[in-house]
1. When the expected Rg is taken as 2.2 N^0.38 Å, what fraction or multiple of it is the alpha-carbon Rg of the chain?
2. Tell me the relative contact order for the chain as a rounded percent, counting alpha carbon contacts under 8 Å between residues six or more apart.
3. Taking H as built 1.01 Å from N, whose amide H comes closer than 5 Å to the amide H of Val48, not counting residues under 5 places away?
4. Tell me which of Gln39, Thr112, Ile26 sits at the most positive position along the dipole axis of the chain, charges placed on C-beta atoms (Lys, Arg +1; Asp, Glu -1).
5. Given labels modelled 7 Å from the Cα in the Cβ direction, how far is it in nm from Ala40 to Gln13?
6. Just subtract the alpha-carbon distance of Gln3 and Asn52 from 0.36 nm times their residue separation and send over the number in nm, one decimal.
7. How big is the dipole moment of the chain about its Cα centre under a simple scheme where the beta carbon of each Lys and Arg is +1, that of each Asp and Glu is -1, and everything else is neutral? Debye, nearest 20, please.
8. Calculate the spin-label point distance for Lys100 paired with Ser25, positioning each point 7 Å from the Cα along the beta-carbon direction, and give it in nanometres.
Amino acid sequence: QVQLVESGGGLVQPGGSLSLSCAASIRLFSIYDMGWYRQAPGKQRELVARINSGGSKNYPDSVKGRFTISRDNAKNTVYLQMNSLKPEDTAVYYCNAGVKYVNYWGQGTQVTVSS
């Protein structure tokens, strides 16, 4: 059974940093494209960062230069380093694993940016 388990969320002040982790129980983790998405109340889920199986990364303009995604295939884990956090980054952050037509989601972890 595939499981994606996020950790590292919490409350942080504006300008602060948080690091999220997603541990995946997936066979052949290295072939999966991994992503972080977020969903704020009343808004659609949106892509935050993505890293493909080859290590190429992409980010939306809203987080570019502040967030960094990375993966450790030996540990079946993907990370999201978030710096210079803003109140508008407040959301539930979800881990995603995808290959071809298969997609898996974690349960989400809350990130709240507030003073």
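Any read-out appearing in this document is the output of simple, stated calculations on the displayed coordinates, not a laboratory observation. Small disclaimer: the values here were computed from a predicted structure and weren't measured. Note that each Cβ is placed from the backbone with ideal geometry, even for glycine, and that neighbours are counted across all protein chains shown.
1. Its radius of gyration relative to the 2.2 N^0.38 Å reference: 1.00.
2. Reported as a whole number, the value is 37 percent.
3. Trp36, Tyr37, Arg38
4. Most positive-ward Cα: Ile26.
5. In this crude spin-label approximation the distance works out to 2.2 nm.
6. Gain in length upon complete extension: 15.8 nm.
7. Rounded to the nearest 20 debye, it is 200 debye.
8. 2.4
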